[in-house]
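Beneath this line is the structure, given in structure tokens, with notes to follow.
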Amino acid sequence: MRSGKRISWFLLFAIPLFILASCGSSTTESTKGSEVTEEHLSTRLDLTGDGEGSFTIKNESSKEAVLEMSSGQQIEFQLLNKANAVIYTYSANKLFIQEMQEKKLQSGEEWTIPLNLEEELAGVPPGSYTLVVWSTAEGLNEQKEKMAYEILTSPGKLVVQTQEVTFTGLVDSHSIEVKNLDGGTEVMQLSEVAMPLFENLEDGTQIIIEYVEESGQKVVQTMYLAE
């Protein structure tokens, strides 16, 4: 990233599916040919505090999964502005090998692909955006992970923290009440991108939340189910 810029991030998971891993994630099921064995493939988008990221595909089934890609391109991502207009596309200025590629994943195996966001987004001006990432593998190209992504010029970084809690209910559309592991009750604010995650969540669900602190208030960026 250019000098003077720093990137902080907020997570978004816009589709009401179960969250299976440490950040926004989703799962697909597919059956190849006449085989009765189903492939369960989950995807996960992770960001670090400095704005770098990775995209992970995990084979959740008990059988080997084969990912097929029509070229050497493994992932695609875009950056959208507040009007949902695409301002950056990863593949737009790149050439890829134009031949079929495949990646085999054993049961429980993960494939993590770095995004190199600092380098890729170095020319993007400061502002609030939405990052959308997906795999180019057959059957996964519609399984997209979305996250709010903010590029700032002010010094310092927001520190992302993790906490395991029990969801006890919505206070209003912008805040939730949770019970922490010590039995205490807390009210946490929801970022706009985290709000859809709690719309259909049942009271009493054990979850892990990721949050940042702003003016002494915990602001939830994402959540996933505790194992």
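No lab work stands behind these numbers, since they all come straight from the coordinates. These numbers were taken from a predicted model, which means no experiment stands behind them. Note: ideal-geometry Cβ built from the backbone for every residue, glycine included; neighbour counts use all protein chains shown.
Taken one residue at a time, the phi angles of segment 92-104 give Karplus couplings (6.51, -1.76, 1.60, θ = phi - 60°) of 4, 10, 10, 10, 10, 4, 9, 8, 4, 10, 9, 9, 9 Hz. Gly and Pro are set to x. Under the combined filter of DSSP loop state and at most 16 neighbouring Cβ atoms within 10 Å, segment 121-198 retains these GluC sites (Glu not before Pro): E138, E142, E192. Of the Cα atoms belonging to segment 161-225, the radius of gyration and Dmax stand at 10.4, 29 Å. Working ranking of peptides 40-47, 195-202, 115-122 by packing, defined as the average number of other Cβ atoms within 10 Å per residue, highest first, is 40-47, 115-122, 195-202.
Considering all C-alpha pairs of segment 44-131, those separated by over 16 Å amount to 63%.
Could you list the trypsin sites (Lys or Arg not before Pro) in segment 90-138 that lie in coil according to DSSP, counting only those with at most 13 other Cβ atoms within 10 Å of their Cβ? Taking segment 90-138 and a limit of 13 other Cβ atoms within 10 Å, the loop trypsin sites (Lys or Arg not before Pro) found are K94.
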